[in-house]
Amino acid sequence: MWTPLALAVVGLSLALAAWAGRRAVRDRPVILRQLLAGAVIEALIVVEVVVAVLTANGSPPADVVTFWGYLVTALVVLPFAAAWAFAERTRWSSVVLVVAALTSAFLQYRLLQVFAG
Amino acid sequence: MSAVPGDTAHGPGRLIVAVYGVLALAATARSGVQIIRDLDRAPTAYLLSGLAAVVYLVATVALARGGVRWRPVAWAAIGTELVGVLSVGALSLAAPQLFADATVWSGFGRGYGYVPLVLPVVGLWWLARTRPREGVPDR
C-alpha cells in the first residue's frame, strides 16, 4: 500500500516539475490546470497521512519522528507554491513550482527510505 | 512589479525565498529532532545545526519582507551563513574530531547538495542587485 502510493506521488511530482519547467522556459506563469494537478498530488499525500495514521500500530516506520517530519513537510510544500502562483504572475511562479514539485518528489523518496529503515 | 524600494521578494526573488524556505524547514526539522533526541551524542554539531537553522529562518523572513527595514537583517543573516558554511566547512575537513556528527555546514554543505554553499552567494548577489539607488526610479 505504502510503496505504490509514494511512487505515484514521485511520478506525478516529476511530471508536474517538467510541465512547470517548460512554462518557465517559455516565460509563462503557473496556470490553473497545473494547480489542479498539484491538488491531485496533494490529495494522494493526504491519503498517505490517513494510511500512516491507520497503520501506526501495525508496522511502524523505523524512525517515527523523521517519518512524520517528512510527511508533514510534504503536505505543506505544494500549497505554498500554489499561494505563490496566485501572488506572482510571472515566469518565476513557474520556477518556484519546479522547485516545490522536485522537493515533493525528493520527500517521497526519503519517506520510502525512512519507511524501509 | 512592486514599487517598494529595495524589494527582494518578487520576480527572481520568489525563487530565492522559496529555496531559503525549503532549506530553513529542512534544517529546523532535522536539527530540532537531533537536539531534542540525541543532544548528548554530538552537542557541538547539533547546536551548530540549530544555529544554522535559525539563521536560515531569519534570512527567509528578511528576504520575504524586503524593503529598507529588512534588508540590513538579510545582509547580516546571509553574511553569517557564508562565514558559517566556509569556516565550519573548512574546520570539518581539517579537524573532523571537533564534530561527533555532521552539521548542516559540514563539508561545505555536502549533506544538503551544497545548497548551503551556493545559496548565500546567490543571496548576497540578489541583495546587491536590488539595492535601492537614489534618483533612479525603481524598476
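Every read-out reported here was derived from the displayed coordinates using simple, explicitly stated rules and does not represent laboratory data. The model shown is predicted, which means the values in this text are computed figures rather than measured ones. Using ideal geometry, Cβ is built from the backbone for each residue, glycine included, and neighbour counts are taken over all protein chains shown.
Only one residue in A:LEU97, A:LEU107, A:LEU75 is within 15 Å of the chain's Cα centre (by Cα) and more than 10 Å from chain B (Cβ to nearest Cβ). Which one? Write out each step before concluding.
Working: A:LEU97 fails: more than 10 Å from chain B (Cβ to nearest Cβ); A:LEU107 fails: more than 10 Å from chain B (Cβ to nearest Cβ).
Criteria check complete, one pass: A:LEU75.
Of everything in segment A:68-83, what is in contact (Cβ under 8 Å) with a residue 24 or more places away in the chain and surrounded by 18 or more Cβ atoms within 10 Å (Cβ to Cβ)? Give them in sequence order.
Narrowing segment A:68-83 to residues in contact (Cβ under 8 Å) with a residue 24 or more places away in the chain: A:70-71, A:73-75, A:77-79, A:81-82.
A:TYR70, A:LEU71, A:THR73, A:ALA74, A:VAL77, A:LEU78, A:ALA81, A:ALA82, listed by residue number.
For a quick check of your reading of the model, give me the residue pairs whose first member lies in segment B:38-50 and is within 22 Å of B:THR80 (Cα to Cα), whose second is loosely packed, with under 14 Cβ neighbours inside 10 Å and of a type in the set (Lys, Arg), with beta-carbon atoms closer than 9 Å and at least 6 apart or on different chains.
Correct list of pairs: empty, since none qualify.
Which residue out of B:VAL17, B:VAL104, B:VAL85, B:VAL55 is within 14 Å of chain A (Cβ to nearest Cβ), crowded, with 18+ Cβ neighbours inside 10 Å and under 12 Å from the mean Cα position of the chain (by Cα)?
Details: B:VAL104 fails: within 14 Å of chain A (Cβ to nearest Cβ); B:VAL85 fails: within 14 Å of chain A (Cβ to nearest Cβ); B:VAL55 fails: within 14 Å of chain A (Cβ to nearest Cβ).
Of the residues listed, the single one that is within 14 Å of chain A (Cβ to nearest Cβ), crowded, with 18+ Cβ neighbours inside 10 Å and under 12 Å from the mean Cα position of the chain (by Cα) is B:VAL17.
Which ones in segment A:9-58 are exposed (fewer than 13 other Cβ atoms within 10 Å of the Cβ) and among the acidic types (Asp, Glu)?
Correct list: A:ASP27 only.
If you take the residues in segment B:4-14 that are in a helix (DSSP H, G or I) and touching a residue at least 60 places away in the same chain (Cβ under 8 Å), which one is farthest from the other protein chains (Cβ to nearest Cβ)? Break it down stepwise before answering.
Within segment B:4-14, the subset in a helix (DSSP H, G or I) is B:12-14.
From the residues that got through so far, the ones that are touching a residue at least 60 places away in the same chain (Cβ under 8 Å) too are B:12-13.
Details: B:PRO12: 6, B:GLY13: 8 Å.
So the residue we want is B:GLY13.
Could you check segment B:80-103 and list, in sequence order, the residues that are part of a helix (DSSP H, G or I) and β-branched (Val, Ile, Thr)? Quick ask: steps written out before the conclusion?
Looking only at segment B:80-103, we keep the residues that are part of a helix (DSSP H, G or I), and these are B:80-94, B:96-98.
Listed by number, the residues that qualify are B:THR80, B:VAL83, B:VAL85, B:VAL88.
With the requirement that a residue be more than 10 Å from chain B (Cβ to nearest Cβ) and among the charged types (D, E, K, R), what does segment A:78-94 give you?
A:ARG89
Could you please let me know if A:LEU36 is of a type outside the set (Val, Ile, Thr), in contact (Cβ under 8 Å) with a residue 12 or more places away in the chain and either in contact with a Pro (Cβ under 7 Å, 6 or more places away or on another chain) or outside any loop (DSSP other than H, G, I, E, B) (or both)? Break it down stepwise before answering.
Values: of a type outside the set (Val, Ile, Thr): yes; in contact (Cβ under 8 Å) with a residue 12 or more places away in the chain: no; either in contact with a Pro (Cβ under 7 Å, 6 or more places away or on another chain) or outside any loop (DSSP other than H, G, I, E, B) (or both): yes.
Spelling it out, it is not the case that A:LEU36 is of a type outside the set (Val, Ile, Thr), in contact (Cβ under 8 Å) with a residue 12 or more places away in the chain and either in contact with a Pro (Cβ under 7 Å, 6 or more places away or on another chain) or outside any loop (DSSP other than H, G, I, E, B) (or both).
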